[in-house]
1. Taking the stretch 14-52, which residues are more than 20 Å from the chain's Cα centre (by Cα) and either surrounded by 13 or more Cβ atoms within 10 Å (Cβ to Cβ) or among the aliphatic types (A, V, I, L, M) (or both)?
2. When the residues of the stretch 75-92 are filtered to those that are within 18 Å of Arg33 (Cβ to Cβ) and of a type outside the set (D, E, K, R), which remaining residue is surrounded by the most Cβ atoms within 10 Å (Cβ to Cβ)?
3. For the stretch 93-108, give me each residue that is surrounded by fewer than 18 Cβ atoms within 10 Å (Cβ to Cβ) and either within 16 Å of the chain's Cα centre (by Cα) or of a type in the set (A, V, I, L, M) (or both).
4. Which of the strands (runs of 3 or more DSSP E) found entirely inside the stretch 174-228 contain at least 1 residues meeting this: at pLDDT below 90 and closer than 23 Å to Gly26 by Cβ?
5. I need the full set of residues from the stretch 30-72 which are in contact with a Pro (Cβ under 8 Å, 6 or more places away or on another chain) and without any contact (Cβ under 8 Å) to a residue 40 or more places away in the chain, in order please.
6. Restricting to the stretch 174-195, give me the number of residues that are in contact (Cβ under 8 Å) with a residue 60 or more places away in the chain and within 15 Å of the chain's Cα centre (by Cα).
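The values are calculated or read from the model by the stated rules, or taken from the named source; none is laboratory data. Everything numeric here is computed off the predicted structure, so don't read it as measured data. As a convention, Cβ positions derive from the backbone with ideal geometry for all residues, glycine included, and neighbour counts pool all protein chains shown.
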Amino acid sequence: MPVLQLDGIRKTFNPGQPNETEVLHGIDLTLHRGEFCALMGPSGSGKSTLLNLIGLLDRPSAGRLLIEGHDTGALDDAGLTRLRGRSIGFVFQYHHLIGAFSALENVMMPALLAGGRPDAAMRARAAELLGRVGLAAKRDQPVGSLSGGQQQRVAVARALAMRPALILADEPTGNLDTKSADDVFALMRDVNRADGTSFLVVTHDPRLGARCDRTVRVVDGKLVEDAA
């Protein structure tokens with residue numbers, strides 16, 4: 001079963017209004033378990049809109065979007081929230097960590113949002129993930145005191161907290177120096193290979209895109225390239 005399946009996805013803003021604009025024009029895309037795919041294209045091509053749809057932060061105007069076989073068009077907002085929390089992890093260019101919270105507390109956040117009160121299992125999972133990304137010694141430090149590269153490692157650990165099938169990474173190395181960017185990218189590849197987690201990575205960096213197993217390119221709201 002594909003982790004992600006898009007069939008004829010369209011997105012129109014301001015439908016029925018004089019300024020109605022269709023920004024995605026029938027996108028077809030399938031992502032299988034364990035794939036590491038780059039999503040590329042110029043600014044204004046529709047990448048961000050597409051990522052918002054895949055992340056279940058918005059709904060398509062037409063077409064079918066399935067996550068792990070679940071037809072998202074059949075779900076209400078609460079169902080979308082549950083599916084997003086269980087099946088999708090997010091890594092952003094701006095890590096969106098809570099600076100006053102410790103690294104451990106930040107990694108626990110998805111589990112807290114899903115389950116409420118912190119418990120030993122949540123703490124153990126967060127500690128395990130921080131060890132995995134090389135930050136076991138930093139677990140109790142406020143993330144505001146960490147370097148940019150370390151903060152992004154915490155963000156990767158947080159994205160893995162609920163064992164999602166799919167990680168959406170939006171310019172995850174865009175704010176990092178070359179070495180930190182390479183380290184974070186290598187970390188994501190390690191997770192991909194060890195766990196079979198699928199990655200869809202939005203990047204403008206052709207150097208990073210070339211290191212992905214597959215490249216999907218969107219131009220003017222259309223998928224114009226899908227190459228391994």
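1. Glu22, Val23, His25, Gly26, listed by residue number.
2. That would be Gly89.
3. Result: Gln93, Tyr94, His96, Ile98, Ala100.
4. Per the criteria, 222-227.
5. The answer is Thr30, and nothing else.
6. 4
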